[in-house]
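Notes to accompany the following structure.
The values are calculated or read from the model by the stated rules, or taken from the named source; none is laboratory data. Remember, it's a predicted structure, so these values are computed and weren't measured experimentally. Every residue, glycine as well, gets a Cβ built from its backbone with ideal geometry; the counts of neighbours run over all protein chains shown.
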Amino acid sequence: MINIIKKITVSISAFFLAIFLTSTSFAADVTVEMLNKQGKESMVFSEKVVRVNVGDTVFWKATTKGHNVEFIKGGVPEGVEKFKSKFNKDVEYKFEVPGVYAYWCTPHKTMGMIGFVIVGNDKSNLDAIKIIKYMGKSKKIAPEIINSL
Ligand SMILES: [Cu+2]
């Protein structure tokens, strides 16, 4: 009898553990830091590519000052409004429209401070992302990232 109870307890625990692991691996609210330095790179978003589900939120943390987040014109799915955050401020954005979003930090776009968010694993607007006029160092970095998506 005790053995049966033990078995049931173990399987119930395993069941809840499975639910926990599943929900955490899909819990996709993500934090990206805005940084002056990361390793050998300067002026950089801590994650260049973030993948989230529709309805998830990305938080950008103003870990170091002087940065912001601006969606690049032509670099978001159709129907998405422009978005530009204030300097030195944490900011968040809830992604409701699937597709690829290209963004940069306004003052450091020529220094390669760019990032991409892929929402709902939808890459249908990738051709538009490819023809964006990236500037300075971003011109070199962007194609490398885009090719890895
Ligand atoms: Cu910046």
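Quick look at the numbers
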quantity	calculated
Tally of residues being within 15 Å of Trp60 (Cα to Cα) and either in contact with a Lys or Arg (Cβ under 6 Å, 6 or more places away or on another chain) or within 16 Å of the ligand (Cβ to nearest atom) (or both) across the range 88-141	13
Qualifying residue in the range 101-108 (condition: surrounded by fewer than 16 Cβ atoms within 10 Å (Cβ to Cβ) and closer than 25 Å to Lys40 by Cα)	yes
Any hit, the range 69-76, residues being touching a strand residue (DSSP E or B) at 6+ places or on another chain (Cβ under 8 Å), in a strand (DSSP E or B), within 11 Å of the ligand (Cβ to nearest atom) and not small (Gly, Ala, Ser)	yes
Candidates Ser25, Ser85, filtered to the one that is on the phi < 0 side of the Ramachandran plot, within 18 Å of the chain's Cα centre (by Cα) and at pLDDT below 95	Ser25
Residues of the range 49-67 satisfying the condition of being outside any loop (DSSP other than H, G, I, E, B), among the aliphatic types (A, V, I, L, M) and either within 15 Å of Tyr93 (Cβ to Cβ) or within 16 Å of the ligand (Cβ to nearest atom) (or both)	Val50, Val52, Val58
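Quick grid of which residues meet (1) free of Cβ contacts under 8 Å to residues at least 12 places away in the same chain; (2) part of a strand (DSSP E or B); (3) in contact with a helix residue (DSSP H, G or I) (Cβ under 6 Å, 6 or more places away or on another chain); (4) under 21 Å from Ile146 (Cα atoms):
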residue	(1), (2), (3), (4)
Ser42	no, yes, no, yes
Glu47	no, no, no, yes
Glu78	no, no, no, yes
Glu96	no, no, no, no
Thr110	no, no, no, yes
Ile118	no, yes, no, yes
Asp127	yes, no, no, yes
